[in-house]
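Structure first, then comments.
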Amino acid sequence: MTTARSQLICPEVTPYYHCVSRCVRRSFLCGYDSYSGQSYEHRREWVESRILALASIYCIRICAYAVMSNHYHLVAFIDKKAALSLSPCQVIERWCSSHQMPLLIQRFLSGHLTSKAEHEACNKIIETWRQRLYSLSWFMKEINYEIALLANQEDQCTGRFWEGRFKSQALLDDKALLAAMAYVDLNPVRAGIAETPEQSEYTSIRKRLTALERGQTQTPELADFTADIPQEKRHTIPFRLIDYLELVDWLGRQISTNKYGYISPQLPNILTRLSLSRKTCLTLCTALEKKPRLWIGSSERLRFAKHYLKRKRMIGIHIS
């Protein structure tokens, strides 16, 4: 039986999630279809642009992404605190930047509301929008709807383009977050469509490396890397970018028997800093979908999630 999304995504348990959305019937999201002889490569840009555009509206920060031939990956941070701190006007500005503004909200902004009932109705609408701004389900829905619409128009057809629901995995601690991000950024290398991370088009790591080449230490569209920040104050990725790049490079050099691509080995400093063994890290970053689990983290964080959600049983990937 399908688990309710509210039981899979809970910012109070963890704000970090790995999401995957796939096309139905092995339809091509992008890339070259040898059966029809048609190239859909341009659709990769659709997906990347949509992800980054919505990230500037929603209080969802993108840690990593990769657009593949018939699916895409996201590692997202739900910034609920930022959403709750928005003023009513800021909520309206964000939501209506990509949605039609109701007449009642227009009257609210112009100060023409005349009754208590109208004010209450406006407040209800604004609070609904506020909740959507930190809803991962709404974020994924809006990505997929736009892409499906464009693809169906291009293919001159109707019907479902994506699978019914996107898949999500809760990342309960730093090690799980690190593993998921590296897994996502290395997807094109492992699939054999890129030789190195810097050649992996339409990925977050390519975007970060391009920014570095331009002398930018941060990428505005993506979540920032920061280290040595107390857990309660974190609103970004709790690693140094240089350590993460070294880790991705080292992982990409490890040969995986069930994948096409790889690059040669190098031990990064971050493994020692996080007390993460090479074997565990390699297993997590190459088998994240081979043995899919909805919850990933240490025993302590898994127990916390189980207790918080009042679950009798929770199947997850345990990180020692």
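The values are calculated or read from the model by the stated rules, or taken from the named source; none is laboratory data. Nothing here was measured: the structure is a model prediction, and the numbers come from that model. Every residue, glycine as well, gets a Cβ built from its backbone with ideal geometry; the counts of neighbours run over all protein chains shown.
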query: Of these, ALA194, ALA148, ALA180, ALA176, which one is outside any helix (DSSP H, G or I) and hydrophobic (A, V, I, L, M, F, W, C)?
result: ALA194
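Residues are listed down the side, and each one gets a yes or a no for (1) of a type in the set (A, V, I, L, M); (2) surrounded by 16 or more Cβ atoms within 10 Å (Cβ to Cβ):
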site: GLU120; (1), (2): no, no
site: LEU133; (1), (2): yes, yes
site: MET140; (1), (2): yes, yes
site: ILE143; (1), (2): yes, yes
site: GLY159; (1), (2): no, no
site: TRP162; (1), (2): no, yes
site: ALA179; (1), (2): yes, yes
site: LEU186; (1), (2): yes, yes
message: Take the residues in the stretch 191-203 that are under 12 Å from VAL248 (Cα atoms) and in contact with a helix residue (DSSP H, G or I) (Cβ under 6 Å, 6 or more places away or on another chain); name whichever of them is surrounded by the most Cβ atoms within 10 Å (Cβ to Cβ).
response: PRO197
- line: Residues in the stretch 109-133 that are farther than 18 Å from ALA82 by Cα, part of a helix (DSSP H, G or I) and of a type outside the set (Val, Ile, Thr) total 10
field: Matching residues in the stretch 289-320 - criterion: being aliphatic (A, V, I, L, M) and either in contact with a Phe, Trp or Tyr (Cβ under 9 Å, 6 or more places away or on another chain) or modelled with pLDDT under 80 (or both)
entry: LEU294, ILE296, LEU302, ALA305, MET314, ILE315, ILE317, ILE319
message: When you scan the stretch 113-134, do you find a residue that is within 30 Å of ARG22 (Cβ to Cβ) and touching a strand residue (DSSP E or B) at 6+ places or on another chain (Cβ under 9 Å), even just one?
response: yes
task: Could you run through the stretch 1-32 and say how many residues are assigned to a strand (DSSP E or B) and modelled with pLDDT under 70?
output: 1
task: Inspect all residues belonging to the stretch 97-113 and state whether any of them is farther than 27 Å from THR226 by Cβ, in the same structural domain as GLU142 (by TED's automatic domain parsing), surrounded by fewer than 13 Cβ atoms within 10 Å (Cβ to Cβ) and out of contact with any Ser or Thr (no Cβ under 7 Å at 6 or more places or on another chain).
output: no
query: Within the group TYR35, TYR72, TYR65, which residue is in contact (Cβ under 8 Å) with a residue 60 or more places away in the chain, within 25 Å of PHE161 (Cβ to Cβ) and hydroxyl-bearing (Ser, Thr, Tyr)?
result: TYR65
message: Here's a check for you: in the stretch 213-244, which residue that is exposed (fewer than 15 other Cβ atoms within 10 Å of the Cβ) and β-branched (Val, Ile, Thr) is modelled with the highest pLDDT?
response: ILE242
- prompt: In the stretch 56-100, which residue that is outside any strand (DSSP E or B) and of a type in the set (Phe, Trp, Tyr) is nearest to ASN187 (Cα to Cα)?
  reply: TYR58
